[in-house]
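The structure under discussion appears below in the form of structure tokens.
The values are calculated or read from the model by the stated rules, or taken from the named source; none is laboratory data. All figures in this text were calculated on a predicted structure; none of them were measured in a lab. A quick note on method: Cβ atoms are made from the backbone with ideal geometry, for glycine too, and the neighbour counts reach across all protein chains shown. Just the protein is used for accessible areas: all its heavy atoms, side chains included, with ligands, DNA and RNA removed. Shrake-Rupley method; radii C 1.70, N 1.55, O 1.52, S 1.80 Å.
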Amino acid sequence: MEGGGGAAELAAIAGRLEEQGFTLGGDRLKSRPRGVPADHPRLGLLRHRKIDAGRRHGPDAGLHTARAGELVRETWQLVRPLLDWVAARELTPQPRERGVDVPS
């Protein structure tokens, strides 16, 4: 997931999301990628094969009220920089035609 100035930008985005209560998840390597030093400053991000961000809200967060819509909108706005970063690098898989099986 590293490349040029984009890696530092991704690290900043990830840091802001974590400060806002998000957890970064997704498919991760169990060990560090080959050739990456153990003390690499962005080793945690480099281990991601896929990345997502989420946060949990308990039942007292207003999820049973109109506040739920506000929480969804707020979450999308906060995650938008990550989505934009991924989209700018065309890292999302392209949709397949229905019924077409493409080997991974």
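Tabulated values for the structure
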{"read-out": "In nm, spacing of pseudo-spin labels at A11 and D60 (7 Å Cα→C-beta vector)", "value": "3.7"}
{"read-out": "FRET efficiency, R49 to V72 (Cβ-Cβ, R0 35 Å, nearest 0.05)", "value": "0.85"}
{"read-out": "Dipole of the chain, positive end: most advanced residue of Q20, L91, G69 [Cβ charges, Cα centre]", "value": "L91"}
{"read-out": "Vicinal HN-Hα couplings computed from phi for the stretch 24-36 (Karplus, 6.51 cos²θ - 1.76 cosθ + 1.60; Hz; Gly/Pro x)", "value": "8, x, x, 5, 10, 5, 6, 10, 6, x, 4, x, 8"}
{"read-out": "Size of charge dipole - the chain - debye, nearest 20, with Cβ of Lys, Arg +1 and Asp, Glu -1, no other charges", "value": "320"}
{"read-out": "The chain: C-alpha gyration tensor shape, a/c 1.5 cut-off, then a/b vs b/c", "value": "oblate"}
{"read-out": "Projected label distance in nm at D84 and K30, using a 7 Å step from Cα toward the beta-carbon", "value": "3.8"}
{"read-out": "Degrees, to the nearest 10: 6-19 long Cα axis against longest axis of the chain", "value": "30"}
{"read-out": "Nonlocal amide H pairs with A53, under 5 Å, H built at 1.01 Å", "value": "G25"}
{"read-out": "Cα-based Rg and Dmax for the stretch 20-73, where Dmax is the largest Cα-Cα distance (Å)", "value": "16.6, 50"}
{"read-out": "Computed [θ] at 222 nm, deg cm²/dmol, the chain (DSSP H ≥ 4; -39,500 (n - 2.57); rounded to nearest 500)", "value": "-12500 deg cm²/dmol"}
{"read-out": "Solvent-accessible area per residue for the chain (1.4 angstrom probe, square angstrom)", "value": "75"}
